[in-house]
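A short worksheet on the structure shown next.
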Amino acid sequence: MTEALSKQGFEISIYSLSPMKPVGQANGLCEAPAASAISPVGDCRSEAHGSSLAALAGTSIAARFCSWIGSSGRRYVFSVYPAAECPAFRDAVLLGAVRDMTGQRRAILVREAGAFPEPVVAAAQRELSAYGPLAELHLHLLAGSAAARAAMVADLAVGRG
């Protein structure tokens, strides 16, 4: 599968699936963001919505995962939780989203959970509490270093521009 994706112009890493860039062009999570909103993957119609994973469509676990594309073009896969039920995982990236009446998501906040995630998750839950059952917290657990998490938070920043 890796070879097939590479032939189609995609680069594979444990963090994301992204289009290949020409040799000599900066390629990494630390690129300067080019756009002012989070972009979708797959079935969403607007740049501000997360997307379900096509590979999981029609399965019993499809609703448990969502992907978001940062302004660099990198794709990040998140586990999805109702806001009130989100676990506090250390060194994760936390994205708060709200679903509208059609089921589409809009990112409200993005932050790093850090070494002490409980207060970070609790603060995000308070911020999203006004949205009630439409609020979700998404967790990304694969960023392997503080620098990678900080770059991801910057790449997925909400409300830049």
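No lab work stands behind these numbers, since they all come straight from the coordinates. Worth saying up front: this structure is predicted, and the values here are computed from it rather than measured. Every residue, glycine among them, receives a Cβ derived from its backbone with ideal geometry; neighbour counts consider all protein chains shown.
Things worth noting here:
- Multiplying the residue separation of E127 and T102 by 0.36 nm and subtracting their alpha-carbon distance yields 6.8 nm.
- Rounded to the nearest 20, the size of the Cβ-charge dipole of region 35-155 about its Cα centre is 140 debye, with Lys and Arg at +1 and Asp and Glu at -1.
- Entry note, region 35-155: relative contact order of 25 percent, from Cα contacts under 8 Å with a spacing of 6+ residues.
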